[in-house]
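The values are calculated or read from the model by the stated rules, or taken from the named source; none is laboratory data. Note that the structure is predicted; figures quoted are calculated from it, not measured. Here the Cβ positions follow ideal geometry from the backbone for every residue, glycine too, while neighbour counts run over all protein chains shown.
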Amino acid sequence: MKNISAKRLIKRISAFAASMVILLGSSLVANAEAKYTYSYDYWGDVQDSPDAYEVIGVFDCQDLGLPELVEKLLSNVEEPVEEEGEAEEEAEAEEEAAEEEAEAEAEEEASSEDGEAAEGGEASEGGEATEGETTVKKNQKADLHSPNISNTSNAITVVGNYIYICDTGNNRIIKVERVGREQFKAVDIIYKINGDVKDNTFDNPTDLQVDEDGNIYVADNGNGRVLKMDSNWNYLMEFGKPDDSTLEEKMDFAPNKIAVDTAGRIYCVADNMNKGLLKYEADGQFSGFVGATPVVYKFWDYIQKRFATQAQREKLVSFVPTEYSNLYMDHDGFIYACSCNLKEEDLKSKSAQAVRRLNLMGNDILIRNGEFPPYGDIYMGNGGPSQIVDVTAFDNDSYVLMDKNRGRIFTYDDQGRLLFAFGGKGNEKGYFKDGAQFLSLDHMGYDLIVMDSSSLSLTVFTPTEYGSMIFQAMDQFDAGEYVQSGETWQKIMDLNGNYDLAYIGVGRALLRQEKYKEAMKYFELKYDDDNYSKAFKQYRKEWVEKHILAIFIVAFGVLIVPMIISKIGKIKYEIDTADIFKF
């Protein structure tokens, strides 16, 4: 323990020295210059790592077969569109005949009013025809004619072996099937909703989710609603602007991101709403806001605002919660919510979190046991902090963050420790173009899929042998296979001797095997105070139980023997000084 305390002191001194370097104007940007894959050690130094992921391929619209699918769908809808036009012409002819008969019967009563009514009717019919023509043109131009994905597409959702792309700028949903390890094919384009619905087309769809029953939910941003449809895109219901007195009446409801739990409840991130996630019950009833980020402010800012004039207050920054940028519901029903518009000082002071894990009550239960909080790059340089725009989570509770600022992907374990980071800005495979408006992330198994709006493509990453071993070691540990997990971590250590989590992984496996003394050695090597304390506590208990007899004998010898010797001495003294023995 003395070694751990000493090392903790060394760490604090080092941190203080690093802070002084920053204050003196020396930049630590050099530490941010990492290779493609890297991690951080206990001291915060960048450690280059073997690649944990590799690119299967980058699939653009041509690779997905989108132009062929568009051509096929267009050929299928040409005749129905013409038939629909003929039906409309027949209906209009019947309406005109009926109007002429009505006008003939009431010609002498109110000719002027009839004229106005007829003019209004013609305007109404013209308006409807124009709207119908606009809808057809809109559908054909935006949804079917475009062989490309728009550069404003900002969401992908993986469901089984399918990928749903919210082609936002083209007002449509593209369904892509994975037909092989390196083969993806566009199989459907959805541009309208079936059933009795006021507006049966999408307007700026920004997110899509599918529940356990196969029902589909779409954040129809431009129409101010969240749509619920069955698996055949038949309209079921919609969720509209919440009836809440705290919201301005003139504020438009623009749902952006959504999540659906097993009970059919909707959790929604809406534009320009920072009160948390909007929660709707399965019947469409708005039940309130949950998970608002805590408002943190400095005492001096509060005093300044308290005594400022009205004009000065308007110029000061308001103390309001941070707006979420995206969310993801994991297999346990917990919601990962991320924020991208955070300041460097707030992240470093831990007054703001780039990612949170919310339970049903909206409380943050994310574990943060890593040496550094999960907010991406710890060295920010002149580019500022990472902008976490998307998050996804694996079934083993590790989670992945997408950084729009530097185009990097960060993977953390269930304890909030960085497993590895990879990626960057560039034109090569595995990199993302600078200036991408949207980067969307999801996973299929352990494969990661990223939608890059600037290149209009899907980049598919799969774990390398090194990355697969990391996930395998974690899965083995979770399954109680501690011996196998320790062996796998040892193989990882052989590939990357600077990987702190490999040492800690071996230590945790030994700890579960009740090999406490061996575990302490691995924890001590990587300064893992918490796990070292757990191992030491168990080792101390085990040692005491093993040597209890010796401890008892020693304690007896230390405590009882001196008492006996003292008692004998007293008796001897009394005998020596007794009068009966004096002559």
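Of all residues in region 255-304, which are small (Gly, Ala, Ser) and either surrounded by fewer than 20 Cβ atoms within 10 Å (Cβ to Cβ) or modelled with pLDDT of 95 or more (or both)?
Once the filter is applied, which keeps residues that are small (Gly, Ala, Ser) and either surrounded by fewer than 20 Cβ atoms within 10 Å (Cβ to Cβ) or modelled with pLDDT of 95 or more (or both), region 255-304 yields Ala259, Ala263, Gly264, Ala282, Gly284, Ser287, Gly288, Ala292.
Scanning region 44-66 for residues that are β-branched (Val, Ile, Thr) and touching a Phe, Trp or Tyr at 6+ places or on another chain (Cβ under 8 Å), which turns out nearest to Arg178 (Cα to Cα)?
Restricting to residues being β-branched (Val, Ile, Thr) and touching a Phe, Trp or Tyr at 6+ places or on another chain (Cβ under 8 Å), the top hit is Ile56.
In this structure, is Phe556 in the same structural domain as Leu511 (by TED's automatic domain parsing) and either out of contact with any Phe, Trp or Tyr (no Cβ under 8 Å at 6 or more places or on another chain) or touching a residue at least 24 places away in the same chain (Cβ under 8 Å) (or both)?
no
What number goes with the only condition from (1) part of a loop (DSSP other than H, G, I, E, B); (2) more than 20 Å from Asn326 (Cβ to Cβ); (3) touching a helix residue (DSSP H, G or I) at 6+ places or on another chain (Cβ under 9 Å) that Pro373 does not pass?
(2)
Failed condition for Phe523, given (1) within 29 Å of the chain's Cα centre (by Cα); (2) crowded, with 23+ Cβ neighbours inside 10 Å, with all others met?
The one condition Phe523 does not meet is (1).
Restricting attention to region 204-227, report how many residues are on the phi < 0 side of the Ramachandran plot, among the small types (Gly, Ala, Ser) and either in contact with a helix residue (DSSP H, G or I) (Cβ under 8 Å, 6 or more places away or on another chain) or surrounded by fewer than 23 Cβ atoms within 10 Å (Cβ to Cβ) (or both).
So the answer is 1.
Cβ-Cβ below 6 Å, separation at least six or inter-chain, first residue in region 344-367 and modelled with pLDDT under 80, second of a type in the set (D, E, K, R): which pairs?
What qualifies is Ala352/Asp346.
Of the residues that make up region 224-235, is at least one over 25 Å from Thr152 (Cβ atoms), of a type in the set (Asp, Glu) and at pLDDT 95 or above?
Within region 224-235, one or more residues are over 25 Å from Thr152 (Cβ atoms), of a type in the set (Asp, Glu) and at pLDDT 95 or above.
Does Ile449 qualify as being crowded, with 17+ Cβ neighbours inside 10 Å, β-branched (Val, Ile, Thr) and more than 19 Å from the chain's Cα centre (by Cα)?
So Ile449 fails the test.
So which of Asp207, Asp167, Asp211 is touching a Phe, Trp or Tyr at 6+ places or on another chain (Cβ under 8 Å) and at pLDDT 85 or above?
Checking each option against the conditions leaves just Asp211.
Does region 373-389 include one or more residues that are modelled with pLDDT of 95 or more, polar (S, T, N, Q) and within 15 Å of the chain's Cα centre (by Cα)?
no
Limited to region 496-512, what total is found for residues that are under 14 Å from Leu419 (Cβ atoms) and aliphatic (A, V, I, L, M)?
Summing the residues that are under 14 Å from Leu419 (Cβ atoms) and aliphatic (A, V, I, L, M) in region 496-512 gives 3.
Looking only at region 230-259, which residues are without any contact (Cβ under 8 Å) to a residue 40 or more places away in the chain and farther than 30 Å from Ile189 by Cβ?
Matches in region 230-259: Ser245, Thr246, Leu247, Glu248, Glu249, Lys250, Met251.
Based on what the data block shows, is Tyr527 in the same structural domain as Met474 (by TED's automatic domain parsing), on the phi > 0 side of the Ramachandran plot and at pLDDT 85 or above?
So Tyr527 fits the description; yes.
Report yes if some residue within region 422-433 is within 24 Å of Asp500 (Cβ to Cβ), buried (at least 19 other Cβ atoms within 10 Å of the Cβ) and either of a type outside the set (Lys, Arg) or without any contact (Cβ under 8 Å) to a residue 60 or more places away in the chain (or both); otherwise report no.
yes
Within region 323-337, does at least one residue satisfy the condition of being surrounded by fewer than 17 Cβ atoms within 10 Å (Cβ to Cβ), within 20 Å of Gly288 (Cα to Cα) and either of a type in the set (A, V, I, L, M, F, W, C) or not assigned by TED's automatic domain parsing to the domain that holds Leu278 (or both)?
no
What residue, of Leu458, Leu501, is assigned to a helix (DSSP H, G or I), crowded, with 18+ Cβ neighbours inside 10 Å and out of contact with any helix residue (DSSP H, G or I) (no Cβ under 7 Å at 6 or more places or on another chain)?
Leu501
Given the condition assigned to a strand (DSSP E or B) and either touching a helix residue (DSSP H, G or I) at 6+ places or on another chain (Cβ under 6 Å) or surrounded by 15 or more Cβ atoms within 10 Å (Cβ to Cβ) (or both), answer yes or no: does some residue in region 195-203 qualify?
Checked region 195-203: at least one residue is assigned to a strand (DSSP E or B) and either touching a helix residue (DSSP H, G or I) at 6+ places or on another chain (Cβ under 6 Å) or surrounded by 15 or more Cβ atoms within 10 Å (Cβ to Cβ) (or both).
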